[in-house]
1. Could you tell me which residue of segment 126-173 is most open to solvent (accessible area, probe 1.4 Å), considering only residues that are over 24 Å from W38 (Cα atoms) and of a type in the set (S, T, N, Q)?
2. Taking strands (runs of 3 or more DSSP E) that do not extend beyond segment 102-214, which have at least 1 residues that are aromatic (F, W, Y) and over 17 Å from the mean Cα position of the chain (by Cα)?
3. Looking at (1) within 12 Å of S205 (Cβ to Cβ); (2) of a type in the set (D, E); (3) out of contact with any helix residue (DSSP H, G or I) (no Cβ under 7 Å at 6 or more places or on another chain), which is the one condition that is false for D241?
4. So if I check each of A222, A229, A239, A176, which one is closer than 24 Å to F32 by Cα, open to solvent by less than 20 Å² (accessible area, probe 1.4 Å) and not polar (S, T, N, Q)?
5. Take segment 177-195 and flag every residue that is of a type outside the set (D, E, K, R) and free of Cβ contacts under 8 Å to residues at least 40 places away in the same chain.
6. Looking at R50, R88, R67, can you tell me which residue is assigned to a helix (DSSP H, G or I) and either open to solvent by 70 Å² or more (accessible area, probe 1.4 Å) or at pLDDT 90 or above (or both)?
7. Would you say A76 is in a helix (DSSP H, G or I) and open to solvent by less than 70 Å² (accessible area, probe 1.4 Å)?
8. Might you check whether a residue that is closer than 30 Å to V186 by Cα and open to solvent by 40 Å² or more (accessible area, probe 1.4 Å) occurs anywhere in segment 99-121?
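The values are calculated or read from the model by the stated rules, or taken from the named source; none is laboratory data. Note that this is a predicted model, so its numbers are computed, not measured. Positions of Cβ are backbone-derived with ideal geometry, glycine not excepted, and every protein chain shown enters the neighbour counts. All accessible areas refer to the heavy atoms of the entire protein, side chains included, with ligands and DNA or RNA removed. Shrake-Rupley method; radii C 1.70, N 1.55, O 1.52, S 1.80 Å.
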Amino acid sequence: LTHEDPFRADAQPAAKVAALRVATPSLVLSLFGGLEAWVGADGSDIRQVRRRNAKIVLALLAMNRGREVTKERLAATIWPDASPSCSRQNLYVVWAYLKKVRKVGSSCPYLVSTQTGYKLDARYVGSDVEEFDELCKGLLFGRDDRDSWEELYEKVSVDFAEDLLPEVTGNDCVDAMRSRYRTQLVDGLVEASSRLGREGETRGSVWFAREALRRDCTREDAYIAMMEAQIASSQRGAAIDTYFECRRFLGEHLGIDPSRRVVELYRSVIETEESF
């Protein structure tokens with residue numbers, strides 16, 4: 001009774017109460033094609049993270065989507081050859097740098113530190129990892145592909161044209177995550193190509209298969225999807241070229257012959273005779 005509560009509406013002018021209720025602006029992280037961060041609904045406030053190790057920490061936290069990552073795991077991921085005490089000290093320095101870069105006003109509402117680990121506050125932080133997962137689901141289990149495949153292809157070729165954190169090299173954890181996401185996307189592209197081919201949308205089938213091969217030329221199923229799409233599009237010469245590319249890669253890099261399906265597709269082209 002003797003001390004007025006500054007947060008009570010009946011004790012303060014309405015303008016002052018409204019000023020106290022400042023909403024935390026959202027933070028959006030982009031990990032594919034290079035790490036970028038936008039603060040605010042309009043995305044006008046771009047926050048650059050220039051330190052390599054800070055990018056790795058932020059990416060790991062973003063991919064865990066609000067779940068806590070232990071300090072030991074983060075430290076071992078970035079400095080696997082350092083002693084535990086040295087790696088922990090390095091992690092504290094990186095964490096302090098991130099809190100400084102992500103500061104809004106006098107505090108950093110996005111980064112949460114506990115006794116055992118670190119995490120991002122999911123209420124305020126989002127990333128393109130969620131959008132990537134939705135894209136892969138659309139490629140794998142899409143419906144009404146004849147009407148939506150162009151939109152999916154634009155997302156693949158524009159929004160996710162590059163790999164995860166291409167500027168970060170030499171880190172085993174990031175390399176493994178990059179490979180996993182690439183495999184996930186190529187799985188979706190191959191399936192989308194095959195599905196569009198079955199539905200008679202040959203142009204989309206060719207485009208998705210070509211994108212799958214561009215991202216990973218080591219997968220035989222991508223060559224198969226490409227040949228099937230080219231044959232359906234009456235691109236017989238291109239299908240033969242794809243066959244020899246597949247055969248050359250398998251022989252030179254893996255020492256194996258093409259599978260029966262690849263050979264069957266090749267024979268279906270060369271043994272076709274026109275009726276006169």
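1. Taking the candidates together, the pick is S148.
2. Answer list for segment 102-214: 117-120.
3. Result: D241 passes all but (1).
4. Selected residue: A222, the only one of A222, A229, A239, A176 that is closer than 24 Å to F32 by Cα, open to solvent by less than 20 Å² (accessible area, probe 1.4 Å) and not polar (S, T, N, Q).
5. Selection gives S179, T183, V186, V190, S193, S194.
6. The unique qualifying residue is R88.
7. yes
8. Yes, some residue in segment 99-121 is closer than 30 Å to V186 by Cα and open to solvent by 40 Å² or more (accessible area, probe 1.4 Å).
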